[in-house]
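Student: I am attaching a structure below and will ask some questions about it afterwards.
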Amino acid sequence: MLISVVRFWINGWIKSLYIEPKFHFTYYGFSWIKDLGDFTYILFVICGLSSLFIALGYKYRISIIIFFLSFSYIELIDKTTYLNHYYFISCLSFLMCFLPLNSTYSLDNYLSNKSPTKVPKWTIDSIKFFVCIIYFYAGLAKINSDWLFKAMPLSIWLPSKYDLPIIGNSLMQQEWVHYLMSWGGMFYDLLIPFLLLNKKTRSYAFVLVVFFHVFTRVLFPIGMFPYIMIIISLIFFDNKTHHKILSYFKIITDYFRKVLSLPLPLNLTLKEKKLSSNNYSLFIVLLFFLFQLLLPLRSFLYPGELFWKEQGYRFSWRVMLIEKMGYTVFKIKNSVTGSYFYVDNQDFLTPFQEKQMSFQPDFILEYAHHLGSHFGKMGHQNIEVYADSHVSLNGRRSARFVNQEIDLLTQKRSLKNYSWILPFTDEINGF
Amino acid sequence: MFRKFILLLLLVFFVTCSKDSDNLVEDDLVENSLTDSSSENGNETDSSSEAGNKTNFNRESMLTFWADSLIIPSQIKFEKEMQILDESIIEFAKTTNKESLNSVRLNWLKAYKAWQHIEMFNIGKAEEIYYPFRMNIYPVNSARVENNVSKRIENIENPNDYSCQGFPALDYLLFGLNSDQEELLKKYTTVDPSNDNNNYMNYLLIVSNKMLELTNTVVIDWQTYRNTFIASTENTMTSSINKFTNDFIYYYEKGFRANKIGIPAGVFSGGVLPDRAEAYYKKNVSKELSLEALKAITNFFIGKPFGDNNSETGISFKHYIEFFETKKDGISLAELILKQFDLSKESINKLNDDFTIQLDNNKMDMLITYDIIQKAVVLMKVDMLQAININVDYQDADGD
């Protein structure tokens, strides 16, 4: 299978990425991380440039590595902004570091006058496989009692879309629509990989993909993700389709070639060529997939309700599953005198961070430690930090979240089970 | 072949969905002791017509009620009180004696109480001109006031002067200059030889006049802003329904809970800060003002038309929550919030009229009051916002 497939796809994907960094600027401007300062902007420039190079196929290998590093770095600055689709892009670019995708239609080939090579089938397949994993795990995660039997959280989200034209005040308010969309979404996620893999159902599946993602884009503020997924699913089509699409581009490029009177590269004589680093890459890619397959399952290692404690929730393709809100304030107490005061979160966090912190245990603990060391530096003695935290999950009444008797400074940050989170009082069954 | 497959898929969707709504309907049927579940279609219409009522919540009429029966009338009422206060201050300047001073003091308290009903309306023009910040930032910066007085500062538009104007500044000027009335009056009668005038009177007039001017601006603007306010029913960060909900909760949390109770009680500082109490110089009205603010909050929440004790309640938060809230065991969310308002009122009532005395005697009661008030913050910020699914004022960011 020709790599042209991937070329096209990257083109579209990068196009979408151009928009994303712009979006990042705005909220990084607000970010409380100031130590990176102006360097953050440079990082975005690097990230954007490398993505441009990837799209053109110029110095592909080094570009994708830089892209992977810069993009992931940006994401790692602040987990407040964690989104599954950013993680997806990081993973994908990591995967692409090991795939020799710079062949047909790439500048690398043009400049070195090399003939375009066929890429090994496994490289394309690995990307397909990755997409399948995502969809499948996302579907699996939807098999839970809240999603299927309470239509939660869709029955909270959809009615609030009353301001949409036509469907807003009619369909979106209907209970059966919430259930239809819950079940539909679950089946879509579980089945779409197979529909895309099967040649016969592929074009229908693609229509479904477009419909599903455009629809979710209309309903929810999910940025570029739907477009990325739509374009990425093109990879399932065979190369004929891609050539067709690309021929439109070719007309344009041919025109430029004539104008600039550039010599045409050696023509498309398809030569099989063994890529030397294959075995090494293959090994890493296999490891990557093992990791991808196991990581989402880590939540089973933890006791307690996953949606409540969120242990193993991130990096697991659990998307749009929970509507969670919290309110958490911290009490700084002097263990000797017993005197205490509450912290005004606004002194330390942006509103967005405060929102994310209020219901996610790892945020709460990290912030508690931050407060502890902050007030320690300010000269407070015998500091204990307690959280007064209430969280509401999927429309349930809010309940106390953190055990208010436990000094959070005694709890170390680790991957171990959070014993200081109070148990969930209801039950959610399923994955 | 693949067509069949698609059809099959659609069929699967359909069957599962209708099965699912069956389950739902059956639950309801048990309650209604209906047994006829033979026709699937019939059941579906049942459930959709039940849910169909849900579409009928008229946000525009809620906003209209807010504007016409709550916001505008209370602002006009306040404007009137402010007018009276300003006139009495002008009178006090003409004839400076005990009687005119007492009249000013009385009108100050009346206006201050009326103010408690409108501080939460930080939207539109009020937000634009920092109205609440120019009317009621306390503690007053008394040193800066003294400086403004002695330097005969005329222009108090600088944000640094926000803590030198409004009610807290009047509090200082009318009660804080001296605890003895005779002595205080002397401050207003001593003529500054350099300008043949009284500096305190001069500043008192400036502050009062500015308050009236700002109030007029806001009231006049509502005449045109009303229609914009009412029309903005969509669910976005800037729609009036969302903004106002945020303002309301923010006021409860900050203006009421923190400023009036929490900060003086030392909730955020460890030690008590009695000088942060509202009306610190007047002393014995901090409780009265807090209760007035809570009354305003409660009335707004249940939709009690302003200044009208007889007519029925209109549509407000209570109804909005009830409309969205799916059945939960026992007491409804709106009831829970109202119950918490009641408990807060009870608890404030137990405090001393003068919060500074209360803090001297027993700060624990004030801390307990704070905790009771706090509970409604959780109910509103977490449960209520989730129930009505209104975005809080966070930065706009993608979700996934």
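Student: Within the set of other residues whose C-beta is less than 15 Å from the C-beta of A:L301, count the net charge using Lys and Arg as +1 and Asp and Glu as -1.
Tutor: Around A:L301, the surrounding residues sum to +2.
Student: Something else about it: So if R0 is 41 Å, what FRET efficiency would B:T228 and A:D426 give, r being the distance between their Cβ atoms, rounded to the nearest 0.05?
Tutor: The value I calculate is 0.45.
Student: For a paramagnetic label modelled at 7 Å from the Cα of A:L294 toward its Cβ, which residues of segment A:312-340 fall within the zone defined by backbone nitrogen distances under 18 Å?
Tutor: A:312-317
Student: Something else now. Under a crude label model (7 Å from the Cα following the beta-carbon direction), how far is B:I368 from A:K416 in nanometres?
Tutor: Distance between label points: 3.9 nm.
Student: Can you work out the base-10 log of I(q)/I(0) for segment A:180-240 at q = 0.12, 0.18, 0.25, 0.26 1/Å, using the Debye formula on its C-alpha atoms alone?
Tutor: So the normalised log intensities work out to -0.28, -0.63, -1.10, -1.16.
Student: In addition: Given axes a ≥ b ≥ c from the Cα gyration tensor, I'd like to know whether segment A:323-410 is rounded (a/c under 1.5), prolate (a/b larger than b/c) or oblate.
Tutor: prolate
Student: What does the charge count around B:V140 come to, taking other residues whose C-beta lies under 12 Å from its C-beta (Lys +1, Arg +1, Asp -1, Glu -1)?
Tutor: Surrounding charge for B:V140 is -2.
Student: Let me ask another. Within 10 Å of each Cβ in A:390-400, how many Cβ atoms from other chains are there, averaged over the peptide?
Tutor: 5
Student: Sticking with this one: More than 20 Å apart: what percent of Cα pairs in segment B:255-400 qualify?
Tutor: 54
Student: Over all residues in A:325-332, what is the mean tally of Cβ atoms on other chains that come within 10 Å of each residue's Cβ?
Tutor: Mean shielding by partner chains, rounded to a whole number: 4.
Student: Once amide H atoms are placed 1.01 Å from N in the peptide plane, what residues at a sequence separation of 5 or more from A:I143, or on another chain, have their amide H within under 5 Å of its amide H?
Tutor: Those lying under 5 Å, H to H, from A:I143 are A:F431.
Student: Using Cα pairs closer than 8 Å and at least 6 residues apart in sequence, work out the relative contact order for segment B:255-400, in percent.
Tutor: With pairs under 8 Å counted, the relative contact order is 26 percent.
Student: Using the crude model of +1 on Lys and Arg Cβ and -1 on Asp and Glu Cβ, and no other charge, please compute the dipole size for segment B:58-234 relative to its Cα centre, in debye to 20.
Tutor: With only Lys, Arg, Asp and Glu charged at Cβ, the dipole is about 200 debye.
Student: Return the tail of the calculated pair distribution for segment B:58-234, meaning the percent of Cα-Cα pairs more than 29 Å apart.
Tutor: Cα-Cα pairs in segment B:58-234 separated by more than 29 Å: 25 percent.
Student: With a sphere of radius 12 Å drawn around the Cβ of B:I241, what net charge do the other residues whose Cβ falls strictly inside it have (Lys, Arg +1; Asp, Glu -1)?
Tutor: Combined, the nearby Lys, Arg, Asp and Glu give -2.
Student: Other chains' Cβ within 10 Å of B:373-384 residues: what's the mean?
Tutor: Mean inter-chain Cβ contacts per residue within 10 Å come to 5.
Student: Rounded to two decimals, what is Rg over Rh for segment B:151-211 when you use alpha-carbon atoms and the Kirkwood radius?
Tutor: That ratio equals 0.98.
Student: Too long at a 30 Å Cα-Cα cut-off: which of B:K243/B:K339; A:K142/B:K375; A:K128/A:K412; B:K295/B:K381?
Tutor: A:K142/B:K375; A:K128/A:K412
Student: Return the subset of A:K79/B:K345; B:K80/B:K187; A:K199/A:K309; A:K377/B:K350 for which the Cα-Cα distance in this structure is over 32 Å, preserving the input order.
Tutor: As for pairs spanning more than 32 Å Cα to Cα, those are A:K79/B:K345; A:K199/A:K309; A:K377/B:K350.
Student: Right, here's the next one. Size of the dipole of segment B:228-355 about the Cα centre, Lys and Arg at +1 and Asp and Glu at -1 on the beta carbon, nothing else charged, in debye to 20?
Tutor: That gives a dipole near 260 debye.
Student: Specify which residue in the list A:Y327, A:A387, A:G338 is farthest towards the positive end of the charge dipole of segment A:323-410, using unit charges on the beta carbon of Lys, Arg (+1) and Asp, Glu (-1), about the Cα centre.
Tutor: Projecting each Cα onto the dipole axis, the largest value belongs to A:Y327.
Student: Might you report the magnitude of the Cβ-based charge dipole of segment A:333-431 about its Cα centre, with Lys and Arg at +1 and Asp and Glu at -1, to the nearest 20 debye?
Tutor: Its charge dipole is roughly 140 debye.
Student: Once you have the Cα-Cα distance between A:K199 and A:Y41, take 0.36 nm times their residue separation minus that, and quote the gain in nm to one decimal.
Tutor: Result: 52.5 nm gained on full extension.
Where a number appears in this text, it was derived from the coordinates with a stated rule and is not lab data. What you see is a predicted model; the values in this text were computed from it and never measured. Neighbour counts run over all protein chains shown; Cβ positions are idealised from the backbone, glycine included.
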